[in-house]
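Notes follow the structure.
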Amino acid sequence: MRLYTQITLVLLFLTAISGVWMRWFSLSPSSAIPYDNVLHAHSHVALIGWLFTAVFLIFFFIYRDKLKDKLQPKLIFISLISVSLLMFVAFLYQGYALFSIITSTVHIFVEYWAVIYIWLFIRKENIPKVAKLFIVGGILANIISSIGPYTLAFLSANKLTDLSLFDMSIYFYLHFQYNGWLMLSLFGLFLVLLNKRSIKMNEKLATQAFWIYFVALFPGFLISALWVGLGPVVETIVALASIAQWISIIMLIIALIPAIQRVSKLVTKLTSNLLIFAILLLVMKSTMELGLIYPPLADLVNNTRDVIIGYLHLTLLGFLTIFVFVLFHMLVLFKENKFSMYGFMVFVIGFLLNELLLFLRSLGLWTDWFGIPLYAELLFVAAILLLIGVTMILFSVKQHKETRKLL
């Protein structure tokens, strides 16, 4: 199991090292590899490399003793890793071109294979209905998200990349990936772990939260496309969807409070703190999305690159990655020593510094009150801290082949 975990964390390492690479561009521009190539490699290996593979690995670790056929999930894992690495290299080599498009497309079909495998197994499992709802909802969101890349391919082939539909297709894909597939499936697997430990929660409230969130998920993607001018009716629906999603997040957290309190007594203080931190980041993320229903703020955000980057990092590097770390800890995949603890601390410090710089600079630009000296240098320091933290975490995976589980 150690090897599977470390190989998956290598994808996070590639995300971190390409992040350092991009920050170095601001200090010392280089023509060896174009910035956009590194950017595409970085974003793809983070979202569909590291996070997708991590979710599948968590599923595999939870159910590995129940899986009669272990060959297929191992083949899926190998395929996810192989295609992710090839995709990373392809984007570095040529940016958005033939090889990167081929590897990205192949990854979509490997994703189909993975989520269908999970669905076929989960539907027969005797787990709480609410956990099954979250996992199946995540699977549906993943499949729906692929409409985005297909639309992009059609628009590109017909030289229609200047249309607003092109950008909307990107938002559609991202929205159903991180607000749909990743968030829902991770919460579903978290609920499975709670159930296996007989940890109670308010299932009725969590079920209500799921349905409100899932229904609002569909019009919710348009919150990132209000700049198109969708008309008052659509804008009202989008605003209601954003409010509904925020309410559903609060409902879910309330439903989980007894379980979180119980989990905190069973895991290390580090794991407990990471769980609480992940929940806080989720509330921050949802509140930021809610704020976009105010048109002047939405216009400011859409025209401020640092805010968009900060939001994406808050979601992918913050909430989702730290939630993955929590589930890894609950499966006891990491050593429980000072080196491991310091690794996570350095990671969190790097993350917080990165977010603070991005959002403070944006606030300074909006108000014209202040600037941030040595901004590029400080972002580079934040990226270095993240890389050091990820490297330490990579070497904190348990040494023995089999790990005991919080199950």
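Computed quantities for the displayed model
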item	result
The range 19-45, residues that are of a type in the set (Gly, Ala, Ser) and over 17 Å from ALA376 (Cα atoms)	SER31, ALA32, ALA41, SER43
Some residue of the range 97-116 being crowded, with 18+ Cβ neighbours inside 10 Å, under 20 Å from SER224 (Cβ atoms) and touching a residue at least 40 places away in the same chain (Cβ under 8 Å)	no
Those residues of the range 277-301 which are over 21 Å from the mean Cα position of the chain (by Cα) and in contact (Cβ under 8 Å) with a residue 12 or more places away in the chain, in sequence order	ILE293, PRO295, ALA298, ASP299, LEU300
Those residues of the range 22-61 which are in contact with a helix residue (DSSP H, G or I) (Cβ under 7 Å, 6 or more places away or on another chain) and hydroxyl-bearing (Ser, Thr, Tyr), in sequence order	SER26, TYR35, THR53
Single match in PHE166, PHE187 (criterion: under 25 Å from SER242 (Cα atoms) and buried (at least 23 other Cβ atoms within 10 Å of the Cβ))	PHE187
Whichever residue in the range 204-227 is at pLDDT below 95 and either of a type outside the set (A, V, I, L, M, F, W, C) or outside the structural domain of GLN245 (by TED's automatic domain parsing) (or both) and, among such residues, is nearest to LEU300 (Cα to Cα)	SER224
Unmet criterion (only one of (1) under 23 Å from VAL346 (Cα atoms); (2) modelled with pLDDT of 95 or more; (3) not aliphatic (A, V, I, L, M)) for PHE52	(1)
Residue ID - farthest from ILE122 (Cα to Cα), chosen from residues in the range 62-84 that are part of a helix (DSSP H, G or I) and without any contact (Cβ under 8 Å) to a residue 12 or more places away in the chain	SER82
Positions within the range 346-385 being touching a Gly at 6+ places or on another chain (Cβ under 8 Å), within 30 Å of LEU191 (Cα to Cα) and surrounded by fewer than 16 Cβ atoms within 10 Å (Cβ to Cβ), in sequence order	ILE349
Contacts under 9 angstrom Cβ, first residue in the range 259-276 being farther than 18 Å from ILE349 by Cβ, partner of a type in the set (Lys, Arg), 6 or more apart	ALA259/LYS200; ARG262/ARG197; ARG262/LYS200; VAL263/ARG197; LEU266/ARG197; SER272/LYS265
Residue match in the range 104-113 (condition: in contact with a His (Cβ under 9 Å, 6 or more places away or on another chain), outside the structural domain of GLU203 (by TED's automatic domain parsing), within 30 Å of TYR35 (Cβ to Cβ) and outside any loop (DSSP other than H, G, I, E, B))	yes
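Yes or no, residue by residue, for (1) touching a residue at least 40 places away in the same chain (Cβ under 8 Å); (2) touching a Phe, Trp or Tyr at 6+ places or on another chain (Cβ under 6 Å); (3) of a type outside the set (S, T, N, Q):
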residue: THR304; (1), (2), (3): yes, no, no
residue: ILE309; (1), (2), (3): yes, no, yes
residue: MET330; (1), (2), (3): yes, no, yes
residue: LYS338; (1), (2), (3): no, no, yes
residue: MET341; (1), (2), (3): yes, no, yes
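The values are calculated or read from the model by the stated rules, or taken from the named source; none is laboratory data. Just so it is clear, the structure is predicted and the values come from calculations on it, not from any experiment. Every residue, glycine as well, gets a Cβ built from its backbone with ideal geometry; the counts of neighbours run over all protein chains shown.
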